[in-house]
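> Handing you this structure, nothing more for now.
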Amino acid sequence: MIAAVVSLGGIGLAAALALGAAARKFAVEVDPREAAILEVLSGANCGACGYPGCSAYAKAVVEEGVSPALCTPGGQATIEAIAGIMGVSAEASEPEVAVVRCQGDNRKAQLKYRYLGLVDCNAAQRVADGPKACPGGCLGLGSCERACPFGAIEMTPDGLAVINRELCTGCRKCVSVCPRNVIAMTPRSATTHVLCNSHDKGAVVRKYCQVGCIACQICKKNAPEAYVIEDFLARVVYEHHDQAGPGVEKCPTSCIRDFRFGYPEGSSFGGGELPSEKNAPDEGTGTAG
Amino acid sequence: MRLKTFSGGLHPPDSKEFSAGCPIEDCPLPEELVVPLSQHIGAPAKPVVQVGDRVLRGQVIGESGGFVSVPVHAPTSGEVVAVEPRLHPSGRELPAVVIRVDGEDSAAEPMSALDPATAEPDALKDRIREAGIVGMGGATFPTHVKLSPPPEKPIDTLILNGVECEPFLTADHRLMLEEGEKILDGIAVLQRILGVEKTYLGIEANKPDAIDQMSALCSGRNIEVVPLEVKYPQGAEKQLICAITGREVPSGGLPMDVGVVVQNVGTCAAIADAVLRGLPLVERIATVSGDAVVQPKNLRIRVGMSLAHLVEICGGTRVEPAKIIMGGPMMGMAQLSLDVPATRGTSGLLLFSEEKVVRRPEGPCIRCARCVQACPARLLPTTIAAYTRLDMMDEAEQLGALDCIECGCCSYICPAALPLVQTIRHAKAAIMARRRKG
Amino acid sequence: MRQVIFALLPACAVAVYMFGLPALVTLVLCTAGCIGFEAGCQKLMRRPVAIADGSAALTGILLAMNLPPSSPWWLSLLGAFVAIVIAKQIYGGLGYNPFNPALVARVVLLISFPVQMTTWTAPTPIGSGLDAVTTATPLGRAKEAVMLHGALPADLPSGFLGSFLGDIGGCLGEVSVFALLLGGLFLLWKRVISWHIPVSFVGTVIVLSGIFWLVDPQRYPDPLFHLVTGGLMLGAFFMATDMVTSPVTTKGMLVFGVGCGLLTVLIRLFGGYPEGVSFAILLMNAATPLIDRYLKPKKFGLVQEKGGAHA
């Protein structure tokens, strides 16, 4: 009994000493600020900052003096925290949110052919430029949903990507994976968007989509400040998004949506007033007004 | 004697009986031809005609846009009514010359005839390029490029591809039966250009009449007819070389790396026309088949004829086609509609009814290894596909995704109906895109 | 899957004939249990219920084949639970399980309930008028005798024909080598399985046990005895060939089969258990990813590259 206790204890002691010595000998010097920044970062390794993962970004901030404002997913709080650690001033930045500029799901938009193959938007796009008749519409195969590190994107039953404005951190992963550039980054405070990505002429759009922008100019007539029409596609001027209301109501194809009153049809994210509106003053940085 | 072949592959029902006995028929001219300027791999041709121009058969309407490119010729006489993007077999809208056919079919002055026995190889190669000749097995790679290997890669063997391993297609089969002499004329030109010691003509054993016919014609001409085992993809270039010569084209390499040039028999016939008669490539033989077609046929078609016209000549459709395929059922391209022009690479047009188009839901991979056994490139299709789905392209590349010849054996054999070849094609495209980026 | 189930039917029939009603009950309980657990799991995980693919039923039959005929009802159901829920669905369902589910269940039961799992009844063919008699398996007796006396028992059944046709005690699937072989040949003929694994597995067992037998026939039983007793045929044709848990390449399959054979003989002759087929296959299942990784087929065109560019 005693022999067992002594021998086991001895082995334990020897191992502990060896480990301790090894830890001293092979210790890697880390700037304490780097560890502190890593603490503050979300740890999602989303890559929004342009570095491969949070630790790489933390290292870049400390060693290369990279701007602390690159972590858009973390929002203003994170930026300020990093700035505090580094002892520099935080620059104000408007938080962004990704928007799928399409409402043409499989019921509302025509298909060119039936796609059978790998369920991946980039693969489908390679087959005769995608199965959708619309050259800019959401293919609905969910590549963005799989790319989103925050679970902010869902596919509706009819095959349309919808991004939850609450969960989206603005990391742009979905933007980079979408083969058709359907997803755009927009200021978080702007809730009104033209949900169409087709630059075809109105008559052409009408043929393949019930909810596409036909460039009829009605939105611009009703809210001249808030809209521009470029290359047969209306766009909200986000500096004046607060004046966009009249255009939403008058749009003949309902392709302009104010997310305060709900997500596109089929989405489980629901409609009505969004909590983000109530929280807006907290995260807003003054540019919203 | 055991027939020569390669490892892997499979035996889909060859379904050639529908059209194998039909002699080649001349397809009447339609009212309008849509001639795409992109009918080959490489830079598209540049249009040299304008709306309102009158063109004659054989007249150049598009100039070649570089070394890896060939000119495009008017398939018949008529008036140019448009030069605009039109739906192309690739599914995209690409520039095309639209010709309203006048019905006279008057020919432009043919190019001077050359004698393959005396002409310089370079002159013959130029003629082949000027005549717009491309690989007519379906790949449409400009033939003159294939015939111009760099001096450090000596060519000692020429292989003629009369395998036609794709099910349903019988165009090459009929060509060998009916126009064997023309093929031999073309072979003579190729032998002259390449100066090869050995010439083989590979034919699958399911075409005994063609083997007999060509053997009789080839005797005494230093051309060996090689009957090959009936197995898909016997006609794939690298597999054919391996079957006949035992040489394996290195991974990432070309047939010229093992001293071989492979040409399709249809290309040979076109070369004969171009060199001996000065005629550019504006027509070819295509098989129209499939269960939705009333009367399957082998047609001599002009480039630019719409697929709808070909179907009409074959008695129209029995039922609404659920799938339209240009080329063979294994590697051909599914078409969006019949309002697409035939090109130099249109070896076949297949229309299938809903009941023939088997659509099964995808199941889980149970690692049954059928794809591994069938893969003629000896890859692990299911593993590459699994990595691709996870976007792990480094691993997919390491497993040899780029060595995939896209024959489709894996997707055909998969009991879980997984889109394996489609997934590997996606991986290949993604890997190549990343390489280009740097 | 259907063809594999079909191929197992003769063996099932012989088992029911030899062991009577208890065998039938075990078969039905295992199969129904597996199908039920599969459906329940898929419902719970909100996945499409795919019991129609036959994989759960097959697992059930294979599990029953691996149980003694007199198994209590709860043993069968517990086995079904372990096979489907723990060994299969938790890993993601069909195609994702690293181990053969039926074998995992057998081994879990064998270790947890050694008494119930080794209570064998002697075959009492229907109509023979005998009641169930407990007996020992030939392998069990051989092992016991070697352990106790250092030599094989004198009365070890040498009647090859009897054990070949099914007249020995053991699990449902150990009874008739003939019926199993029939099913196995059917699978080979239908090309459901390839010859590589069964041949290399059985071949290795014959060669290795033959060597030992030649060295000391007093201590080690002859290869024929190894062939017709225990679960070798069931394992070689129906369990080791499970596609999900065996390598995909031809070379890999051969290595897998040889490994199974090697481990089987070693366990049978030197291990603590009389029968080693199930442990051998499970161990090789664990090695499958490794085998697949290192024994890839040589890519087309790789030969020349090595000879040329790097020479």
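None of the figures in this text is laboratory data; all of them are computed from the coordinates on show. For clarity, every value in this text was computed on a predicted model and none was experimentally measured. Cβ atoms come from the backbone with ideal geometry, glycine included; neighbour counts cover every protein chain shown.
> Give the shape of the protein assembly as shown as rounded, prolate or oblate, defined through the alpha-carbon gyration tensor: a ≥ b ≥ c are the square roots of its eigenvalues, a/c under 1.5 means rounded, and otherwise the shape is prolate if a/b is larger than b/c and oblate if not. Could you put the intermediate results ahead of the total?
Details: a/c = 2.01, a/b = 1.22, b/c = 1.65.
Oblate shape, in that a/c is at least 1.5 and b/c is the bigger or equal ratio.
> Could you put C:264, C:121 in order, starting from the residue whose Cβ has the fewest other Cβ atoms within 10 Å? Before the final figure, lay out each step's value.
Working: C:264 32, C:121 20.
Placing the least packed residue first, the sequence is C:121, C:264.
> Where the eigenvalues come from the Cα gyration tensor of chain B, what are the semi-axes √(5λ) of the equivalent ellipsoid, largest first, in whole Å? Write out the running numbers ahead of the final one.
On the way: eigenvalues 206, 145, 102 Å².
Working through the eigenvalues yields semi-axes of 32, 27, 23 Å.
> Kindly flag which residue pairs out of B:4/B:428; A:59/B:428; B:146/B:198; B:231/B:356 have an alpha-carbon separation exceeding 26 Å in this structure. Display every interim value, and only then the final one.
Details: B:4/B:428 30 Å; A:59/B:428 34 Å; B:146/B:198 17 Å; B:231/B:356 22 Å.
Table pairs above 26 Å Cα-Cα are B:4/B:428; A:59/B:428.
> Right, here's the next one. Efficiency by 1/(1 + (r/R0)^6): what FRET value for residue B:254 and residue A:77, r their Cβ-Cβ distance, R0 = 41 Å, to the nearest 0.05? Mind dumping the intermediate values first?
Numbers: r = 58 Å, r/R0 = 1.42.
Here the calculated transfer efficiency is 0.10.
> Taking H as built 1.01 Å from N, whose amide H comes closer than 5 Å to the amide H of residue B:349, not counting residues under 5 places away?
Residues meeting the criterion, in which the H sits 1.01 Å from N, are B:287, B:288, B:289, B:327.
> How large is log10 I(q)/I(0) at q = 0.20, 0.21 Å⁻¹ when the Debye formula is applied to the Cα atoms of the range B:349-403, each weighted equally and without solvent?
Once normalised to I(0) and log-transformed, intensities are -0.82, -0.85.
> Let me ask something else about it. Along each of the three principal axes of the Cα atoms of the range B:370-437, give the extent in whole Å, ordering the values from largest to smallest.
36, 21, 15
> Restricting attention to the alpha-carbon atoms of the range B:121-276, what are Rg (one decimal) and Dmax (integer), both in Å?
Radius of gyration, then largest Cα-Cα span, for the range B:121-276: 14.2, 40 Å.
> Report the charge-dipole magnitude of the protein assembly as shown in Debye, nearest 20, computed about the Cα centre from +1 at each Lys and Arg Cβ and -1 at each Asp and Glu Cβ.
On the way: 89 positive and 96 negative charges, 277 e Å.
Around 1340 debye, computed over the protein assembly as shown.
> Ok, one more. Quote the relative contact order of chain A in percent (integer), defining contacts as alpha-carbon pairs under 8 Å separated by 6+ residues. It would help to have the intermediate numbers written out before the result.
On the way: 503 pairs, mean separation 44.2, N = 289.
It comes to 15 percent, rounded to a whole number.
> Could you pull out every residue, at least 5 positions away or on a different chain, whose amide H is within less than 5 Å of the one on residue B:283? Hs are placed 1.01 Å off N in the peptide plane, and Pro or chain starts have none.
For residue B:283, the qualifying residues are B:303.
> What's the average, rounded to a whole number, of partner chain beta-carbon atoms within 10 Å of each residue's beta-carbon in B:84-92? Intermediate results must be reported in sequence, preceding the final value.
Details: counts 0, 0, 0, 1, 1, 1, 3, 8, 2.
Taking the mean over all residues of the peptide, I get 2.
> Show the residues, 5+ positions off or on another chain, whose built amide H is closer than 5 Å to the amide H of residue B:262.
Answer set, sorted by chain and number: B:159.
> Another question, then. From a point 7 Å beyond the Cα of residue B:395 in the direction of its Cβ, which residues of the range C:270-288 have a backbone N at a distance under 20 Å?
Under cut-off, by backbone N: C:285-288.
> Right, here's the next one. What is the count of Lys pairs in chain C whose alpha carbons sit under 17 Å apart, if the two are 8 or more places apart or on different chains?
Working: C:43/C:88; C:251/C:296; C:251/C:298; C:251/C:299; C:296/C:306; C:298/C:306.
Qualifying lysine pairs in chain C: 6.
> Hey, another quick one. Using θ = phi - 60° and the Karplus relation 6.51 cos²θ - 1.76 cosθ + 1.60, list the HN-Hα couplings for the range A:223-239 in order, rounded to whole Hz, with x at every Gly or Pro.
Going residue by residue, I get 9, x, 6, 8, 10, 10, 10, 10, 6, 6, 9, 7, 9, 7, 7, 5, 5 Hz, with x marking Gly and Pro.
> OK, next. State the Kirkwood hydrodynamic radius of the range A:96-279 in Å, one decimal place, computed from all pairs of distinct Cα atoms. Numbers along the way, then the final one.
On the way: mean 1/r = 0.0611 Å⁻¹.
It is 16.4 Å.
> Also, I was wondering about something else. Under 10 Å, Cα contacts only: if you run a Gaussian network model on chain C, which one of C:231, C:203, C:183 comes out with the highest mean-square fluctuation?
C:203
> Additional query: Let me confirm one metric for peptide A:116-122, namely the mean number of other chain beta-carbon atoms within 10 Å of its residues' beta-carbons. Display every interim value, and only then the final one.
Details: counts 7, 7, 14, 4, 7, 0, 5.
Rounded to a whole number, the mean comes out at 6.
> For the range C:2-117, state what percent of all Cα-Cα pairs lands in each successive 10 Å bin, counting from 0 Å until the bin that includes the largest distance.
The calculated distribution, bin by bin, is 15, 48, 30, 6, 0.
> Tell me whether chain C comes out rounded, prolate or oblate; compute the Cα gyration tensor, take square roots of the eigenvalues as a ≥ b ≥ c, and use a/c under 1.5 as the rounded threshold. Walk me through the numbers before you get to the answer.
On the way: a/c = 1.90, a/b = 1.16, b/c = 1.64.
Verdict is oblate for chain C.
> Just order B:119-130, B:275-286 by mean Cβ neighbour count inside 10 Å, highest at the front, would you? Present the calculation step by step, with values, prior to reporting the outcome.
Working: B:119-130: 17.4, B:275-286: 22.8.
My ranking of the peptides, most packed first, is B:275-286, B:119-130.
> Which ³J(HN,Hα) values, rounded to whole Hz and listed in residue order, are derived for the range B:133-148 from phi using the Karplus coefficients 6.51, -1.76 and 1.60 in 6.51 cos²θ - 1.76 cosθ + 1.60 with θ = phi - 60°, glycine and proline given as x?
Whole-Hz 3J(HN,Hα) from phi for the range B:133-148: 8, 10, x, 8, x, x, 7, 6, 8, x, 5, 5, 5, 5, 8, 10.
> If you keep only loop residues by DSSP, which GluC sites (Glu not before Pro) in the range A:14-80 have at most 14 other Cβ atoms within 10 Å of their Cβ? Walk me through the numbers on the way to the answer.
On the way: sites: A:29, A:34, A:39, A:63, A:64, A:80; in loops: A:29.
Listed in order of number, the matching sites are A:29.
> Now for a separate question. Per-residue HN-Hα couplings for the range B:224-229, Karplus 6.51 cos²θ - 1.76 cosθ + 1.60 at θ = phi - 60°, whole Hz, x for Gly and Pro?
With coefficients 6.51, -1.76 and 1.60, one gets 9, 7, 10, x, 10, 4 Hz.
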